[in-house]
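Structure first, then comments.
The values are calculated or read from the model by the stated rules, or taken from the named source; none is laboratory data. Just so you know, these numbers come straight off a predicted model, no measurement behind them. All Cβ positions, even for glycine, are placed from backbone atoms using ideal geometry, and neighbour counts span all protein chains on display.
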Amino acid sequence: MNYSEIQNEIIKKYRVKIKTESTCWGRMHAHIKTRTVCKWKPKNSIQATFDLMHEVGHIMTTKAGMRRAEEELYATLWAFDRCREYGLKIPKKLWDDYNEYIQMELDRGKRRGGSDYPDIELPTDIIA
């Protein structure tokens, strides 16, 4: 599988700019308004491909007023949909990591008084 080709196609199709050596923030993230993904490093792997899809998912799905858990959920679901389009299966550990991250954000939101969160159920059909 040539993941680099998929990554290049995603970048071009969704008109995303990549800043691998960005000086903002300490971790990978997306700037919604400028359609920029910072700190992502291209690598011919499923991990790098899914990480890119997730960050582009933020650009494609984040709306004003969304809570963090919702932003993470919808960006991840968007990435899963792209995996299906490309016929990709992701390792269970990668799926577990994203699921755990979403649950952590959901729990944090509830602790801080948030309510009426959508039921969060990640699909399992894309697990390798």
Worksheet item: Just for the range 1-43: of the residues that are of a type in the set (F, W, Y) and closer than 13 Å to V56 by Cα, which one is farthest from the chain's Cα centre (by Cα)?
Response: Y14
Discussion item. Given the criterion out of contact with any Phe, Trp or Tyr (no Cβ under 7 Å at 6 or more places or on another chain), surrounded by 13 or more Cβ atoms within 10 Å (Cβ to Cβ) and free of Cβ contacts under 8 Å to residues at least 12 places away in the same chain, identify the matching residue among M66, M53.
Written reply: M66
Discussion item. Suppose the filter is assigned to a helix (DSSP H, G or I), within 13 Å of A128 (Cα to Cα) and either without any contact (Cβ under 8 Å) to a residue 60 or more places away in the chain or among the hydrophobic types (A, V, I, L, M, F, W, C) (or both); does D107 pass it?
Written reply: no
Fill in: Single condition D51 does not satisfy, out of (1) over 13 Å from the mean Cα position of the chain (by Cα); (2) in a helix (DSSP H, G or I)
(1)
Item to complete: Determine whether the range 5-22 contains at least one residue that is in contact with a Leu (Cβ under 7 Å, 6 or more places away or on another chain), in contact (Cβ under 8 Å) with a residue 60 or more places away in the chain, under 17 Å from I126 (Cβ atoms) and not basic (K, R).
Response: yes
Discussion item. Step by step: first the residues of the range 112-128, then only those that are assigned to a loop (DSSP other than H, G, I, E, B) and hydrophobic (A, V, I, L, M, F, W, C), then the one that is nearest to R84 (Cα to Cα). Which residue is that?
Written reply: I126
Fill in: One residue from K39, K19 being surrounded by fewer than 18 Cβ atoms within 10 Å (Cβ to Cβ) and basic (K, R)
K19
Item to complete: Read through the list (1) surrounded by fewer than 21 Cβ atoms within 10 Å (Cβ to Cβ); (2) in a helix (DSSP H, G or I); (3) at pLDDT 95 or above, then give the number of the only condition that N44 fails.
Response: (2)
Worksheet item: Scanning for something within 25 Å of P123 (Cα to Cα), modelled with pLDDT of 95 or more, part of a helix (DSSP H, G or I) and in contact with a strand residue (DSSP E or B) (Cβ under 8 Å, 6 or more places away or on another chain), does the range 57-74 turn up at least one residue?
Response: yes
Discussion item. Within the range 80-103, does at least one residue satisfy the condition of being assigned to a helix (DSSP H, G or I), modelled with pLDDT of 95 or more and polar (S, T, N, Q)?
Written reply: no
Worksheet item: How many residues does the range 1-41 hold that are among the hydroxyl-bearing types (S, T, Y) and part of a helix (DSSP H, G or I)?
Response: 2
Worksheet item: Quick one: which of E72, E85, E100 is of a type in the set (D, E), over 15 Å from the mean Cα position of the chain (by Cα) and at negative phi?
Response: E85
